[in-house]
């Protein structure tokens, strides 16, 4: 009987195309636990081939992720605050001039106290996200996770464009007509000064790091030291102040990067592979033609191409082969019983 | 759909283990990585399962409940219970087999609950058929939706259209009337004709009639 029941046999059953005699066969066959597993595996594949409607998975998944994070807001969490007693207002507080004086005073005081946040706009990237934005001088900033960048709120001054960095960011600095310098203040006496370049900078508890991809960078170090960097070189300084410059073979990955987020919404595998290639710089080849028509959904957070491919392999029943120059994907062959 | 606590479905929701205590855990190889994900980080595991199976399970559920909204609710609630009640820790079949069984049972229970809407879900006594784990349970459920589909297919086109708009799309009678350009009365007649056909055609099968006859 083993050879009789194939996946196709079961698909026919699910399509209602089997005879009552064949059904009897399945009935006997399915008593075996491993066969029952195969049955549900077929049900799943069959449902994948015959979608009945397009559920709003994005919405449902979002709700589920919130539930996983325990963010469900209990219905009674919101408390009505309107039942507080209303206080009577003293005559002094009613006079307009008093309020004028109070307001001016408050503005001055808060400007002083919060001068940083008044004169600087603070950009922050959350723990699992990279934020990209343009500065007023058209320079591009890619702010990595858990990082903060403070940028002058009212535009850069004439002399120099200055920003404060905590965490890690990639910069593409535009060269200005007036050759104004761009300065990244990293704290602890470290400062990067450029005219127009591309580089990534890191400033955190682990020390400082600067990687220069293009152009020229002047680094100011504590105690008035200075040094210049060449494209492709990396500067690293420990918390104690020891530093070195190396030329890594590939651009170092971001320090704080918790992984790349891939978002797929019924995305064809070909496009998925394209994204993997672009983001991780690897070569991936889809060997089986059937796979070209497979599509996938979901949000995936991974650090390496391999990690994502392994997940895809588990979900789509793929086989991954690492070749010398590329990674090959092919379908797992089902051995029909 | 009224939201039910997952506990009400527990009797069905529990992983059914027809494999017996002495047989080793059944682990299909294609889920090995999912299992590893669960071992390291159950949240990520649940999230992966969700994105992998949500669409397919919804498609499966709608075959029974004939309503998009209810189908999505059933699958979402099943996943919620899967995480919140720690069901994922006690799966001794493959995740896939468990998820499909759970959705089937929940769909079935939903239908039963529709039957006795006056009672609360807790008080529904479970029929003997659903309590005992029948070896060919898996087949019966499949045959249930095949049979329903066949009946719907055999309906006259206009009758089928009205039924689908009413049940699956959840449209109101007057909306259907304007879409099909017929009177509301005619729509009502078409839908009840479809239901009557379902009832009479399903009566013969003990498993089907057991749960379906009073609904339609």
| task | Take residue A:107, project a point 7 Å from its Cα along the Cβ direction, then tell me which residues of region A:122-161 have their backbone nitrogen under 20 Å from it. | result | A:153-155
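Quick check on the exposure proxy: order B:43, B:147 from fewest to most C-beta atoms within 10 angstrom.
Starting with the residue having the fewest Cβ neighbours, the order is B:43, B:147.
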| Remind me, relative contact order of region A:260-331 in percent, using alpha carbon pairs under 8 angstrom and six or more residues apart? | 37
| Once label points are set 7 Å from the Cα along Cα→Cβ at both residue B:200 and residue B:158, what is their separation, rounded to one decimal in nm? | 1.9
| request: Specify whether the C-alpha gyration tensor of chain A places it in the rounded, prolate or oblate class, a ≥ b ≥ c being the square roots of the eigenvalues: rounded for a/c under 1.5, otherwise prolate if a/b is larger than b/c and oblate if not. | output: oblate
| said: Can you compute the FRET efficiency between residue A:301 and residue A:180 using 1/(1 + (r/R0)^6), with r the Cβ-Cβ distance and R0 = 35 Å? Round to the nearest 0.05. | reply: 0.35
| remark: Quick calc, residue A:154 & residue B:89: beta-carbon distance into FRET formula, R0 45 Å, rounding 0.05, result 0.20
| remark: Nearest 10, in degrees from 0 to 90: the angle of helix A:96-113 to the longest Cα principal axis of chain A is 70
| said: Let me check against my output: what whole-number percent is the relative contact order of region A:118-246, with C-alpha pairs under 8 Å and at least 6 apart? | reply: 16
| remark: Given all pairs of distinct Cα atoms, region A:118-246 yields a Kirkwood Rh in Å of 14.6
| remark: Neighbour-count ranking for A:14, A:227, A:68 (other C-beta within 10 angstrom, fewest to most) reads A:227, A:68, A:14
| said: With angles folded into 0 to 90 degrees, how steeply does helix A:305-316 sit against the dominant principal axis of chain A? Use alpha carbons for both and round to 10. | reply: 40
| request: Whole Å is fine, so just give me how far the alpha carbon centre of region B:27-83 lies from that of region A:250-313. | output: 22
| How far apart, in nm, are two points set 7 Å out from the Cα along the Cα-to-Cβ line at residue B:175 and at residue B:40? | 4.5
| said: Once you place label points 7 Å from the Cα toward the Cβ at residue A:56 and residue A:322, how far apart are they in nm? | reply: 4.3
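The numbers here are math on the coordinates, done by the rules we state, and not lab data. Remember, predicted model here, so these are calculated numbers, not experimental data. FYI the Cβ positions are ideal-geometry reconstructions off the backbone, even for glycines, and counts take in every protein chain you see.
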